[in-house]
Amino acid sequence: MAHPVRGAIALPGPDDPALATYRVLDERGVADPARVPEVAPAEWLRMYRGMVVIRTMDERLMAMQRQGRIGFYGEARGQEAAVIGSAAALGPDDWIFPALREAGAGIFRGLPLTAYVAQIMGNAHDPGKGRQMPCHEGTRASKFVTMSSCIATQLPHATGMAWAAKIRGDKTVVAAYLGDGATSESDFHVAMNFAGVFRVPVVFVCQNNQWAISTPSTAQTAAPTIAIKGRAYGIEGVRVDGNDLPAVHRVMRDAVEKARSGGGPTLIEALTYRLGAHTSSDDPSRYRDERVTDEWKARDPISRMRNWLLSQGLLDAAGDEKLRADVDAEVRDAIAAEEGVEGPPVHSLIEDVFAEVPRFLEDELAEMTGSGS
């Protein structure tokens, strides 16, 4: 089938990239050698470690929520390859506009684990001073924009930043993450249309985990895939196995290179599955068949990547055990360092809106705290 958009990514194989699901590793972690992207061994191990960090962090922090030690948590368990495989393809000057499950991308790009935990606890070390709900971190240093729970609102913002980069003539690429539910929001269509018309350097990465809270992807669209939606806006769409880290990395890397060279945007659909609940406030057993969840557990992205690394001699069992122990210790240390920290100072409630805090706000704070005369 002829491709109706400009600057198409060249993937091996005759299948339509917007309809077929591009894959490098099978479910056992056996690779098609012709499809494995050229990546340094140390970088493969760094990406694998990034996935293990997400899994370990999610398991620890979700358990803490159940124990009442934090108020809320949303995990990315089962989606680690889509997060890390895409983030690793970005350059240091590229920006990420996350959706809800990309915290691991921020950590992979340099957000300290302690800062992540501090944000979840809303303590005095939280750069946001406790104003955001947990799991809504952001860091300018890692070029990771603060998350928003308002679905799809980040997409026009990401497109705007990409347009600014094009106007300035710099080489910045913007990664705009979204979930399958976001494709039903008007902001998705606004962003896609603008990006297609102005050919801005943005890559839309849809983590299609097949559930928008309790709404299945079959209720989101009658289209055969999400990737094919790009064609309505003159944007190339590519569908990839989101549990296959090398496949995600190859597709994202090609899309980033295309955007950086002036080839315009791409819509990537990473087909994956949310193994856990939408958040700690959710019970997925009330609306989905968990036998399907068990089937997806057999496609675990970390196990697939581990098997491939072992087969290539890039990792052995002892090395894997040490890596996991080191990550577990780092996560535990970050939690221990932040759990006893007090909350933000009360005065911070009235800061950061005005250059100088107005007298009326000072008076209101004094009345609230009983510290006035």
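The values are calculated or read from the model by the stated rules, or taken from the named source; none is laboratory data. If you're wondering where the values come from, they're calculated on a predicted model, not measured in any experiment. As a convention, Cβ positions derive from the backbone with ideal geometry for all residues, glycine included, and neighbour counts pool all protein chains shown.
Sort out which residues of the range 353-368 are under 18 Å from Arg131 (Cβ atoms) and surrounded by 10 or more Cβ atoms within 10 Å (Cβ to Cβ), and write them in order of number.
Val357, Leu361, Glu364, Leu365, Met368 - these are the residues of the range 353-368 that are under 18 Å from Arg131 (Cβ atoms) and surrounded by 10 or more Cβ atoms within 10 Å (Cβ to Cβ).
Restricting attention to the range 139-148, does a residue exist that is surrounded by fewer than 19 Cβ atoms within 10 Å (Cβ to Cβ), free of Cβ contacts under 8 Å to residues at least 40 places away in the same chain and of a type in the set (Lys, Arg)?
yes
Select the helices (runs of 4 or more DSSP H) contained entirely in the range 70-152, then report the ones holding at least 3 residues which are assigned by TED's automatic domain parsing to the domain that holds Pro201 and more than 13 Å from the chain's Cα centre (by Cα).
Where helices (runs of 4 or more DSSP H) fall fully within the range 70-152 and carry at least 3 residues being assigned by TED's automatic domain parsing to the domain that holds Pro201 and more than 13 Å from the chain's Cα centre (by Cα), they are 113-121.
Picking from Asp282, Asp300, Asp320, which residue would you name as being in the same structural domain as Gln207 (by TED's automatic domain parsing), within 24 Å of Gly122 (Cα to Cα), charged (D, E, K, R) and surrounded by 13 or more Cβ atoms within 10 Å (Cβ to Cβ)?
Matching residue, one of Asp282, Asp300, Asp320: Asp282.
Scan Ala334, Ala325 and give me the residue that is loosely packed, with under 13 Cβ neighbours inside 10 Å and under 29 Å from Asn243 (Cα atoms).
Step by step, each of Ala334, Ala325 is checked, and only Ala325 is loosely packed, with under 13 Cβ neighbours inside 10 Å and under 29 Å from Asn243 (Cα atoms).
Inside the range 317-373, can you point out the residues that are more than 28 Å from the chain's Cα centre (by Cα), small (Gly, Ala, Ser) and under 22 Å from Ala118 (Cα atoms)?
Hits for the range 317-373 are Gly340, Ser348.
Quick one: what pairs do we get from the range 281-302, first residue in contact (Cβ under 8 Å) with a residue 60 or more places away in the chain and of a type in the set (A, V, I, L, M, F, W, C), second surrounded by 12 or more Cβ atoms within 10 Å (Cβ to Cβ) and assigned to a loop (DSSP other than H, G, I, E, B), C-beta under 7 Å, 6+ apart or different chains?
Note: pairs meeting the criteria are Trp296/Gly78; Trp296/Tyr273; Trp296/Leu275; Ala298/Glu27.
Pairs, please: C-beta under 7 Å, at least 6 apart or cross-chain, first residue in the same structural domain as Glu80 (by TED's automatic domain parsing) and in the range 33-54, second at pLDDT 95 or above and among the aromatic types (Phe, Trp, Tyr)?
Gly50/Phe108
Criterion first (part of a loop (DSSP other than H, G, I, E, B), farther than 30 Å from Ser303 by Cα and touching a residue at least 12 places away in the same chain (Cβ under 8 Å)) does Glu342 satisfy it?
So Glu342 fits the description; yes.
Just one of the numbered conditions (1) touching a residue at least 40 places away in the same chain (Cβ under 8 Å); (2) under 30 Å from Lys171 (Cα atoms); (3) surrounded by fewer than 22 Cβ atoms within 10 Å (Cβ to Cβ) is not true of Val200; which one?
Result: Val200 fails condition (3) only.
Just a yes or no: is a residue in the range 332-341 touching a strand residue (DSSP E or B) at 6+ places or on another chain (Cβ under 9 Å) and assigned by TED's automatic domain parsing to the domain that holds Trp95?
Scanning the range 332-341 turns up no residue that is touching a strand residue (DSSP E or B) at 6+ places or on another chain (Cβ under 9 Å) and assigned by TED's automatic domain parsing to the domain that holds Trp95.
It is to be established whether one or more residues within the range 271-284 are of a type in the set (A, V, I, L, M, F, W, C) and in a strand (DSSP E or B).
Checked against the condition, which is being of a type in the set (A, V, I, L, M, F, W, C) and in a strand (DSSP E or B), the range 271-284 yields at least one hit.
Which one is surrounded by the most Cβ atoms within 10 Å (Cβ to Cβ) among residues in the range 203-245 that are over 19 Å from the mean Cα position of the chain (by Cα) and among the polar types (S, T, N, Q)?
Thr225
Every residue in the range 212-261 that is farther than 17 Å from Asp16 by Cβ, touching a strand residue (DSSP E or B) at 6+ places or on another chain (Cβ under 6 Å) and part of a loop (DSSP other than H, G, I, E, B), please.
Correct list: Gly242, Asp244.
Does the range 119-137 contain any residue that is surrounded by fewer than 21 Cβ atoms within 10 Å (Cβ to Cβ) and of a type in the set (A, V, I, L, M)?
yes
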